[in-house]
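A.B. asks: The structure is given below, and queries will be raised subsequently.
The values are calculated or read from the model by the stated rules, or taken from the named source; none is laboratory data. Remember, it's a predicted structure, so these values are computed and weren't measured experimentally. Every residue, glycine as well, gets a Cβ built from its backbone with ideal geometry; the counts of neighbours run over all protein chains shown.
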Amino acid sequence: MNIALLGYGKMGQIIERFAADRGHQVVLKIGIENLNDFTVENLKQADVAIDFSAPAAAVSNIYKCFEANVPVVVGTTGWYGELQKIKNDCEQSNNTLLYGSNFSIGVNIFFHLNKLLAKLMNNYPAYDVQVEEIHHTQKLDAPSGTAMTIAEGIIEQFDSKQEWVNQLEGTPITDKLKHDQLLIESLRIENVPGTHTVVYSSEVDDIEIKHTAHSRAGFALGAVVAAEWLQNKRGFYSIADIFNFKD
């Protein structure tokens, strides 16, 4: 499989290593220093593109892949406000896209566990719930896409929460938190690949589930596996379609 890497920072370099280990070839690597090479013609050399660029670049990268008729795996977050439009355009143009806030196998198991726990805890109104996410200081978006997916999984199952709000450490929330709002606390600490925690609290105890990434390797491997899964498929997919967990 020939792969185009859109974003050749730390993640892109780790993805390249896993791709080579699994017998694939990276035929195009796009970083800040060679944006002029990011053309439709060059993209057509690839069987699939993997995007780990930046939120500001993700949408234009996606549409260039559509123009080249090259399937794209999107690991960049921060563009989900345009997700429905991109889904429509993908399907209407008979293109292929798979997106995910996190491609780690462990995190996707965590997503499923989070929904199951929220469904169970919905029967116990004495408990309130919040989410905490910790990432390295170079992370551009807050909250993380992973934290948003966790929060949305809780809201889907937990009747007393209708929306999430974010608090970045050092930036106080201007309005008082409402009972139907789910708090996502974001912290930025040097050299933390990603830690996500869900805490249910009552007057008598806490129940906590946590996922801690030891490195970016799990994200990178998952992105390559997603690219493999996408071969010979058409349409718009999320990472959940790969795992297809059953309740």
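A.B. asks: Looking for something within 16 Å of the chain's Cα centre (by Cα), under 18 Å from VAL131 (Cβ atoms) and in contact (Cβ under 8 Å) with a residue 12 or more places away in the chain - is there at least one such residue anywhere in the stretch 219-235? Outline the logic, then answer.
C.D. replies: First, the residues of the stretch 219-235 that are within 16 Å of the chain's Cα centre (by Cα): 219-227.
Checking the rest, the ones that are also under 18 Å from VAL131 (Cβ atoms) come to none.
No, because not a single residue in the stretch 219-235 is within 16 Å of the chain's Cα centre (by Cα), under 18 Å from VAL131 (Cβ atoms) and in contact (Cβ under 8 Å) with a residue 12 or more places away in the chain.
A.B. asks: If a residue has to be touching a strand residue (DSSP E or B) at 6+ places or on another chain (Cβ under 6 Å) and either farther than 14 Å from ASP21 by Cα or outside any helix (DSSP H, G or I) (or both) to count, how many in the stretch 207-226 make the cut?
C.D. replies: Residues that pass the stated criteria total 7.
A.B. asks: Right, ASP89: over 22 Å from ASN244 (Cα atoms) and free of Cβ contacts under 8 Å to residues at least 40 places away in the same chain or not?
C.D. replies: On the way: over 22 Å from ASN244 (Cα atoms): yes; free of Cβ contacts under 8 Å to residues at least 40 places away in the same chain: yes.
Judged against the criteria, ASP89 is a match.
A.B. asks: If a residue has to be among the β-branched types (Val, Ile, Thr) and in contact with a Ser or Thr (Cβ under 8 Å, 6 or more places away or on another chain) to count, how many in the stretch 108-146 make the cut?
C.D. replies: Of the stretch 108-146, the ones among the β-branched types (Val, Ile, Thr) are 109, 129, 131, 134, 137, 146.
Remaining after also requiring in contact with a Ser or Thr (Cβ under 8 Å, 6 or more places away or on another chain): 129, 131, 134, 146.
Qualifying residue count, the stretch 108-146: 4.
A.B. asks: For the stretch 148-176, how many residues are assigned to a loop (DSSP other than H, G, I, E, B) and closer than 29 Å to ASN108 by Cβ?
C.D. replies: Residues meeting the conditions: 6.
A.B. asks: Determine which single condition ALA68 fails, assuming it passes every other condition in (1) surrounded by 21 or more Cβ atoms within 10 Å (Cβ to Cβ); (2) modelled with pLDDT of 95 or more.
C.D. replies: (1)
A.B. asks: Can I ask one more? Condition (residue is touching a residue at least 40 places away in the same chain (Cβ under 8 Å), surrounded by fewer than 21 Cβ atoms within 10 Å (Cβ to Cβ) and farther than 23 Å from ASP241 by Cα) applied to the stretch 36-47: is it met by at least one residue?
C.D. replies: Yes; the residues of the stretch 36-47 include at least one that is touching a residue at least 40 places away in the same chain (Cβ under 8 Å), surrounded by fewer than 21 Cβ atoms within 10 Å (Cβ to Cβ) and farther than 23 Å from ASP241 by Cα.
A.B. asks: A follow-up question, please. Considering the stretch 1-56 alone, what residues qualify as being under 14 Å from VAL74 (Cα atoms), among the aromatic types (Phe, Trp, Tyr) and in a helix (DSSP H, G or I)?
C.D. replies: Passing the criteria: none in range.
A.B. asks: Mind listing whichever residues of the stretch 88-131 are of a type in the set (Phe, Trp, Tyr) and part of a loop (DSSP other than H, G, I, E, B)?
C.D. replies: If the condition is that a residue be of a type in the set (Phe, Trp, Tyr) and part of a loop (DSSP other than H, G, I, E, B), then PHE103, TYR124, TYR127 are the ones that fit.
A.B. asks: Right, here's the next one. Scan the stretch 100-126 for residues that are of a type in the set (Gly, Ala, Ser), surrounded by fewer than 19 Cβ atoms within 10 Å (Cβ to Cβ) and within 21 Å of the chain's Cα centre (by Cα) and jot them down.
C.D. replies: GLY106, the sole residue that qualifies.
A.B. asks: If a residue must be touching a Lys or Arg at 6+ places or on another chain (Cβ under 7 Å) and surrounded by 20 or more Cβ atoms within 10 Å (Cβ to Cβ), how many such residues does the stretch 130-166 contain?
C.D. replies: Of the residues in that region, 3 qualify.
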